[in-house]
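A.B. asks: The structure is given below, and queries will be raised subsequently.
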Amino acid sequence: MAALEDAYAAWRGAPFPPGSTDDEVDEIHADLVLADTWVAESVIPYVERAVYEPAKADVLGTLRELRSRSVALADGGSDDRRTLVASYLHYVDLLEEVYRAFIARK
């Protein structure tokens with residue numbers, strides 16, 4: 001369980017990225033909030049109480065889409081936009097790592 005514990009600690013210790021006044025960026029932020037909720041509702045009960053219940057939503061597919069949309073949005077954007085989107089991409093990586101480790105448990 002070390003891989004899951006390490007990924008879980010990294011995810012839980014990371015600050016959630018801030019929103020934006022840029023509507024396009026904030027749409028990605030809203031979807032990141034939803035993906036974070038799906039991961040939390042699956043992974044936290046497993047880590048804390050050994051209750052294994054994967055999300056009904058396609059978490060990994062959503063994270064792939066978020067990564068793709070974020071990269072496209074950052075291309076050609078301002079430095080502030082690129083910095084903010086980079087924080088979203090880092091958080092997507094954390095979510096993907098912890099969720100992959102979680103689903104590997106069964």
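The values are calculated or read from the model by the stated rules, or taken from the named source; none is laboratory data. The shown structure was predicted, so the numbers you read here are calculated from the model rather than taken from an experiment. No Cβ is skipped: glycine too gets one built from the backbone with ideal geometry, and neighbour counts run over all protein chains shown.
A.B. asks: Out of GLU5, GLU24, report the one residue that is modelled with pLDDT of 95 or more and assigned to a helix (DSSP H, G or I). Before the answer, list the steps.
C.D. replies: On the way: GLU24 fails: modelled with pLDDT of 95 or more.
Only one candidate passes the filter, namely GLU5.
A.B. asks: Which one is farthest from the chain's Cα centre (by Cα), of the residues in the range 38-66 that are among the β-branched types (Val, Ile, Thr) and surrounded by 14 or more Cβ atoms within 10 Å (Cβ to Cβ)?
C.D. replies: Going residue by residue through the range 38-66, those that are among the β-branched types (Val, Ile, Thr) are 39, 43-44, 47, 51, 59, 62.
Keeping just the survivors that are surrounded by 14 or more Cβ atoms within 10 Å (Cβ to Cβ) gives 39, 43-44, 47, 59, 62.
Working: VAL39: 8, VAL43: 12, ILE44: 14, VAL47: 17, VAL59: 9, THR62: 9 Å.
Among those that are among the β-branched types (Val, Ile, Thr) and surrounded by 14 or more Cβ atoms within 10 Å (Cβ to Cβ), it is VAL47.
Yes/no per residue for (1) under 15 Å from TYR8 (Cα atoms); (2) not hydroxyl-bearing (Ser, Thr, Tyr):
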{"site": "ALA30", "(1), (2)": "no, yes"}
{"site": "VAL39", "(1), (2)": "yes, yes"}
{"site": "SER42", "(1), (2)": "yes, no"}
{"site": "TYR46", "(1), (2)": "yes, no"}
{"site": "ARG49", "(1), (2)": "yes, yes"}
{"site": "THR62", "(1), (2)": "no, no"}
{"site": "LEU66", "(1), (2)": "no, yes"}
{"site": "LEU73", "(1), (2)": "no, yes"}
{"site": "GLY76", "(1), (2)": "no, yes"}
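A.B. asks: When you check ALA30 against the structure, is it among the small types (Gly, Ala, Ser) and closer than 14 Å to TYR99 by Cβ, yes or no?
C.D. replies: So ALA30 does not fit the description; no.
A.B. asks: Of these, ALA10, ALA30, ALA35, which one is among the aliphatic types (A, V, I, L, M), assigned to a helix (DSSP H, G or I) and exposed (fewer than 12 other Cβ atoms within 10 Å of the Cβ)?
C.D. replies: ALA30
A.B. asks: Looking at the range 13-27, which of its residues are surrounded by fewer than 17 Cβ atoms within 10 Å (Cβ to Cβ), acidic (Asp, Glu) and touching a residue at least 12 places away in the same chain (Cβ under 8 Å)?
C.D. replies: Result: GLU24, single match.
A.B. asks: Here is a follow-up. Hey, among ARG82, ARG49, ARG105, which residue is modelled with pLDDT under 95 and either among the acidic types (Asp, Glu) or more than 29 Å from THR21 (Cβ to Cβ) (or both)?
C.D. replies: ARG105
A.B. asks: Before we move on, is SER68 under 16 Å from LEU95 (Cβ atoms) and small (Gly, Ala, Ser)?
C.D. replies: yes
A.B. asks: I need the full set of residues from the range 70-92 which are touching a helix residue (DSSP H, G or I) at 6+ places or on another chain (Cβ under 8 Å) and either within 15 Å of VAL33 (Cα to Cα) or without any contact (Cβ under 8 Å) to a residue 40 or more places away in the chain (or both), in order please.
C.D. replies: SER70, VAL71, ALA74, GLY77, ARG82, LEU84, VAL85, ALA86, TYR88, LEU89, TYR91, VAL92 - these are the residues of the range 70-92 that are touching a helix residue (DSSP H, G or I) at 6+ places or on another chain (Cβ under 8 Å) and either within 15 Å of VAL33 (Cα to Cα) or without any contact (Cβ under 8 Å) to a residue 40 or more places away in the chain (or both).
A.B. asks: Of the conditions (1) in contact with a Phe, Trp or Tyr (Cβ under 6 Å, 6 or more places away or on another chain); (2) more than 20 Å from ALA104 (Cβ to Cβ), VAL59 fails just one. Which one is it?
C.D. replies: (2)
A.B. asks: Turning to a different aspect of this structure: Considering only the range 81-101, I want to know if a residue exists there that is loosely packed, with under 12 Cβ neighbours inside 10 Å and touching a Phe, Trp or Tyr at 6+ places or on another chain (Cβ under 9 Å).
C.D. replies: no
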